[in-house]
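Worksheet: one structure, shown below.
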Amino acid sequence: MPSELLTERQGATLVLTISDPATRNTLSEQVLSAGIEALNVAEADSAVRCVVLRGDGSHFCAGGNLQGLIARRQAGPPAQVRMLEHLHQFIEAIRVFPKPVIAAVEGAAAGAGFSLALACDMVVAAEDARFILSYGRLGLSPDGGATWHLPQALPRALVQQMVWLGEPLSARQLNTWGLVNWVVDSGQALAEALRLASRLAGMAPNAITSGKELVQEAAGRTLHAQLGAERDHFVENLFHENAAEGLRAFDEKRPPNFR
C-alpha cells in the first residue's frame, strides 16, 4: 500500500498527515495529489486559518520510496518525471498558499521530506529530529526545491556541503542557522505547531496573507519595487474592516476580533 494523506480539523487549523509509518512516511503520488487538493480546498474555506504538515508516528517524511525509485527506473524516465512533477506542484502549492503552513517535524526529514519542511513558512522540530539531503550516497541529485530554498538562507559553500556529503543535521543546528523556528521536546512538535497556529488564527487573515506575499516576493524585487508593494498592501489593509476592528480594539484595550 502506498502512503496516504490524512486530514483533520483542529479548530481553525487543518492538519495534514503523511501516513506510512513502516517506511517513515515516504511520499507517493497519492499523497502529493491529495496535498495539492487539500490546499486548494483550504484556500477557499475562510474557517481554515492555518495548515500544519506532519508525519504519522515518530518521523516526518523520509522522502522518496526506495522501491518506488527502483520501479520507476525500470519503467523509464516518464514515470519519474510524473512523480517529480507531482512533488514540485505540491511544493509550489505550499509556497503560494495564502495562509501559514507550519511543519511539525519529529524524527527524520530526509530527501524530499527535508524539502517539504523547507517549503513551509515555519518549522517546529523535536529535539531529536534529523534533517538530511540523502541524495549523494545514492548517486542522485536533490529535488523538491532544496537547492532553491537553502541558498536563500545559507552561504553557498555550506549548501554545497549539505548537497554533496548528505550529513544529518540536528534541529538545534538548523535553529542556529534560522531554518527551524522552534526546537521542542521529542513528541511535542505537533502540540507546539498547533499552539502557534492558534496564535496566527487570531490575527487578521488579510494581513497574514500580505505578510507572506511580501516576504516571498522580496528576493525577486528591487528595493524600489518592494517599497511600492508595501505601499499597496498597507493601503489595502488599512481600509479593510479588520484594520477598523484592530484600531478600535487597541484604543479600547481589548483583544481584537478579526474576520
Cβ pairs under 7 Å, 6+ apart, first in the range 34-47 and surrounded by 13 or more Cβ atoms within 10 Å (Cβ to Cβ), second among the hydroxyl-bearing types (Ser, Thr, Tyr) and not in a helix (DSSP H, G or I): ALA38/THR7
Scope the range 234-259; condition within 13 Å of ASN206 (Cβ to Cβ), hydrophobic (A, V, I, L, M, F, W, C) and assigned to a helix (DSSP H, G or I); matching residues: PHE234, VAL235, LEU238, ALA243, ALA244
Entirely in the range 101-218, the helices (runs of 4 or more DSSP H) that have 3 or more residues that are buried (at least 21 other Cβ atoms within 10 Å of the Cβ): 112-119, 189-201
Pairs, first outside the structural domain of PRO98 (by TED's automatic domain parsing) in the range 218-241, second aliphatic (A, V, I, L, M) and in a loop (DSSP other than H, G, I, E, B), C-beta under 8 Å, six or more apart: ASN237/ALA204; HIS240/ALA204
Qualifying residue in the range 82-92 (condition: in the same structural domain as ARG130 (by TED's automatic domain parsing), over 17 Å from the mean Cα position of the chain (by Cα) and at positive phi): no
Unmet criterion (only one of (1) under 30 Å from ASN257 (Cβ atoms); (2) modelled with pLDDT under 95) for ALA219: (1)
The listed residue being more than 26 Å from ARG130 (Cα to Cα) and out of contact with any Asp or Glu (no Cβ under 9 Å at 6 or more places or on another chain), out of GLU167, GLU217: GLU217
Single unsatisfied condition, VAL48 versus (1) out of contact with any Leu (no Cβ under 7 Å at 6 or more places or on another chain); (2) assigned to a loop (DSSP other than H, G, I, E, B): (1)
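Results for (1) under 30 Å from GLU241 (Cα atoms); (2) in contact with a helix residue (DSSP H, G or I) (Cβ under 9 Å, 6 or more places away or on another chain), shown as yes or no for each residue.
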site: VAL163; (1), (2): no, yes
site: LEU169; (1), (2): no, yes
site: GLU192; (1), (2): no, no
site: ALA207; (1), (2): yes, yes
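The values are calculated or read from the model by the stated rules, or taken from the named source; none is laboratory data. Owing to the predicted nature of the structure, the values given are computational and were not obtained by experimental measurement. Neighbour counts run over all protein chains shown; Cβ positions are idealised from the backbone, glycine included.
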